[in-house]
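Dumping the structure here so I can ask a few things about it.
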Amino acid sequence: GIAATMFRALGDKAINIHMISTSSIRISCVITADRVEEAVRTLHEELVPLDEPVEEHA
């Protein structure tokens, strides 16, 4: 699922997760501040398909 994909992607980059919180619609994690930019880029590359158009919801 999404959580496994997220954790694998961060783990592949050796980005340590210090805390995880989940709900039915959200996954949050705490990482060190110096890895935030890399983590965001990694997750974006892994989870946001480049070949699909972005839909705008009102």
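Taking the structure as given and computing semi-axes √(5λ) of the Cα gyration tensor in Å, which label from (1) 21, 15, 11; (2) 19, 14, 10; (3) 17, 16, 10 fits?
Matching the structure shown: (1).
Which angle between 0 and 90 degrees, to the nearest 10, do you get for helix 2-12 versus the longest principal axis of the chain when only C-alpha atoms count?
That works out to roughly 50 degrees.
Continuing with this model, one more query. How charged is the neighbourhood of R8? Take every other residue with its Cβ under 14 Å from the Cβ of R8, and add Lys/Arg as +1 and Asp/Glu as -1.
Charge balance in the 14 Å sphere: -2.
Further question: Within the set of other residues whose C-beta is less than 11 Å from the C-beta of R35, count the net charge using Lys and Arg as +1 and Asp and Glu as -1.
Details: positive: K13, R41; negative: D34, E37, E38.
Residues close to R35 contribute a combined charge of -1.
Using per-residue counts of other Cβ atoms within 10 Å, averaged over each peptide, order 26-37, 3-14 from highest down. Walk me through the intermediate numbers first.
Numbers: 26-37: 11.2, 3-14: 13.0.
In descending order of packing, they fall as 3-14, 26-37.
Right, something else. Working from Cα positions, state the angle (0 to 90°, nearest 10) between the long axis of helix 36-47 and the longest principal axis of the chain.
Once rounded, the angle reads 50 degrees.
Okay, next question. Quote the relative contact order of the chain in percent (integer), defining contacts as alpha-carbon pairs under 8 Å separated by 6+ residues.
34 percent
Computed from the coordinates by the stated procedures, all read-outs in this text should not be read as laboratory data. It should be emphasised that the depicted structure is a prediction, and the values quoted were computed from it without experimental measurement. All Cβ positions, even for glycine, are placed from backbone atoms using ideal geometry, and neighbour counts span all protein chains on display.
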